[in-house]
Amino acid sequence: MKIGILSRSRRLYSTRRLMEAAAKRGHEVRVINPVRCYMNIASFKPSIHYDGKAVDGIEAIIPRIGASITFYGAAVVRQFEMMGVFSLNESVAISRSRDKLRSLQLLSRRGIGLPVTGFASSPQDTADLLDLVGGAPVVVKLLEGTQGKGIVLAETIKAAESVIEAFRGLEANFLVQEFVKEAGGSDIRCFVIGEKVVASMKRQAPRGEFRSNLHRGGTAEVVKITPEERSTAVRAARIMGLNVAGVDILRSNHGPVVMEVNSSPGLEGIERATGKDVADLIVQYIEKNAIPGRTRTRGKG
């Protein structure tokens with residue numbers, strides 16, 4: 001099978017591991033930088049061009065679309081879908097999961113446990129907004145933030161009001177969420193492939209920090225998850241429409257709550273913490289499911 005990996009660099013750990021796993025299983029692999037693709041949007045024969053040539057023969061793609069290029073990256077994935085190419089994660093699902101507000105609303109509608117979350121536009125609503133989520137301490141989170149960036153813990157009402165005022169001054173969209181103190185600065189990353197959690201790790205924030213992201217100095221270790229946590233992770237990925245997802249869960253006093261569903265979860269932390277060959281499991285999933293034209297939306301979303 002000829003597999004295309006949509007990634008901006010073949011040197012990235014996740015990209016490199018996927019290349020190795022696919023090649024080891026006898027597939028031809030091509031790394032394609034999505035921002036360098038350009039498209040012929042024609043109804044009779046849609047095509048994608050790269051390095052001056054049409055991209056032909058690709059049977060399946062693995063989108064590794066970073067948050068900063070979501071709009072264009074999703075457009076490239078959509079074009080591949082229109083060409084009948086199987087996409088590990090479809091364009092609609094990627095866009096859906098990247099919109100933090102939309103994804104939380106969809107998860108809430110389906111009964112997934114979430115931190116109490118508020119969203120408002122008018123500065124006149126700040127006091128009631130903070131009251132809705134239970135008062136300080138609260139987490140104020142930019143909708144466009146990734147890897148722990150754009151997330152602030154406000155420990156007092158006055159601090160929360162100041163952060164909200166600053167974000168509004170920047171005309172930034174943000175959420176206000178309850179601070180799940182009992183999580184102790186840790187969360188659980190569940191790596192979902194298809195209908196199964198194939199690996200899970202506990203990420204712990206360093207002393208004096210509440211964000212557990214590995215990019216911010218957090219540590220990771222293998223963890224045994226409960227049946228409820230496993231079910232929550234699988235359901236969350238399914239609701240987003242993702243075949244492969246990293247579902248971040250907090251252990252709260254009222255059960256597991258989902259913080260985020262990531263459409264391009266990194267492989268380095270989860271593979272090193274658990275010792276599992278997650279890249280190989282991803283390629284196996286593609287082998288079983290990459291039927292030409294099987295894409296559910298075919299770029300319609």
I'm checking my understanding of the structure. Among residues of the range 75-118 that are assigned to a helix (DSSP H, G or I) and among the β-branched types (Val, Ile, Thr), which one is farthest from Leu250 (Cα to Cα)? Val76
Going by the conditions given, is Val163 touching a strand residue (DSSP E or B) at 6+ places or on another chain (Cβ under 8 Å) and either under 19 Å from Gly269 (Cβ atoms) or among the basic types (Lys, Arg) (or both)? no
Among the numbered conditions (1) crowded, with 16+ Cβ neighbours inside 10 Å; (2) polar (S, T, N, Q); (3) not assigned by TED's automatic domain parsing to the domain that holds Ala237, tell me where Thr156 comes up short. (1)
Going by the conditions given, is Gly241 closer than 18 Å to Leu101 by Cα and touching a strand residue (DSSP E or B) at 6+ places or on another chain (Cβ under 6 Å)? no
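The values are calculated or read from the model by the stated rules, or taken from the named source; none is laboratory data. Everything numeric here is computed off the predicted structure, so don't read it as measured data. Positions of Cβ are backbone-derived with ideal geometry, glycine not excepted, and every protein chain shown enters the neighbour counts.
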